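Following: one structure in structure tokens, then a few remarks.
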Amino acid sequence: MLNLPTYKQRENRQKHVGDRVYFKVNHDIKQKIENFAKNHGYTPYMIYYSIFVLLLGRYANQKDIIVGTLFANRLRQKFMDSIGYYAATLPIRTIFGEKATFKTLFNDVKKNIIDVLGHSNKSLDEIVKKVNPPRDTRYNPLVQVLFVYQNVHFEDLSIGNLNVRSKRVYSKTSKLDLTLTIIPHEYENDCFMEFDTELFDEKFINSMCKNYIYLLEAALNAPEESIYKIGLTTNKFSKPQNKHKITKNIVEYFQEQVEKNPNKIAVEANDSNFTYSELDSMSNKIANFLLNSGIETKSKIGVFLHRDSRVIASILGILKTGSAYVPIDTSYPKKE
């Protein structure tokens, strides 16, 4: 699972509602990529794919990533001019090494792609059945992100008196969480990021596209540099605006519930249940104990407890003193 940051939780079922952000790889970067690929035994596709995987790794904070790619699957000459849909979706796994540079990343991706193409006759459906990953209606199994390098151009045609030309048509859908498509042209490359609008907003995707171009340039300028030393221009994620202004703190909201629902269950744990009234009484005792012990406002107080109902009472008691709580994992080893 690729854990990209989303601006809201996934729905129970993917709706495939989407949008696109269009951008370009300018002539200068395009030429540098093609020259670098030619001089070092890569294809431009490998460079673009590698940097996209790196970009996703940065946003998801993961070093083990699977990204799908579309492959025309016309390896035999007899299929080249045949009419029909031969394209296959190939999942490619990339693992970032601890000392990886851009150059070693390109080498790893090159090897992975060549290995995968050797099994391109296998359909994604066959692979999914073999791997048998946990099924979830919220996302696609194995592949949640797709990379497409569309180097087959649709030329304008003239058939007798009939002129045929391609036209951009988009139905506001998204097949997966994200799909990056790059369409190379002679002077510059057209690109677009298709995204699920239930998960991402346009501002965030624009930021991703800018960072993609930034990482492409960084890789070309310093191919021997560690992939971990190059930061992103921005990694901010815009959350939906909250229409309700927060005017009270958590203790004040809790006291409201104590007054409104004193006998309703506030905390339900394995060991016991407490009503709002009972929890209020427990937290008051803890607060008074801390204050009588000389705790000052805005202190930092550790909470070293197993996860049960006492933790909530302790946290509320600390907050009532005007201090902050610091949770301490009980599994940590004791200091010698």
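The values are calculated or read from the model by the stated rules, or taken from the named source; none is laboratory data. Keep in mind it's a predicted model, so treat the numbers as computed, not measured. Cβ sites come from the backbone with ideal geometry, for glycine too, and all protein chains shown count toward neighbours.
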Sole exception among (1) assigned to a strand (DSSP E or B); (2) of a type in the set (Val, Ile, Thr); (3) in contact with a Phe, Trp or Tyr (Cβ under 7 Å, 6 or more places away or on another chain) for Val109, by number: (1)
Breaking point among (1) farther than 30 Å from Leu180 by Cα; (2) at pLDDT below 85, for Phe237: (1)
Out of Glu225, Glu194, Glu217, which single residue is touching a Gly at 6+ places or on another chain (Cβ under 8 Å) and acidic (Asp, Glu)? Glu194
So, in segment 299-331, of the ones that are modelled with pLDDT under 80 and of a type in the set (Lys, Arg), which residue ends up farthest from Tyr276 (Cα to Cα)? Arg307
Identify the single condition in (1) surrounded by 12 or more Cβ atoms within 10 Å (Cβ to Cβ); (2) outside any strand (DSSP E or B) that Pro333 does not satisfy, given that it satisfies every other one. (1)
Whether any residue in segment 133-141 is touching a helix residue (DSSP H, G or I) at 6+ places or on another chain (Cβ under 6 Å), assigned to a loop (DSSP other than H, G, I, E, B) and either loosely packed, with under 10 Cβ neighbours inside 10 Å or in the same structural domain as Cys209 (by TED's automatic domain parsing) (or both) is what I want to check. yes
Can you work out which of the residues in segment 166-198 that are over 25 Å from Leu142 (Cβ atoms) and β-branched (Val, Ile, Thr) is surrounded by the most Cβ atoms within 10 Å (Cβ to Cβ)? Ile183
Residues that are not assigned by TED's automatic domain parsing to the domain that holds Leu90: which strands (runs of 3 or more DSSP E) entirely in segment 155-197 hold 1 or more of them? none
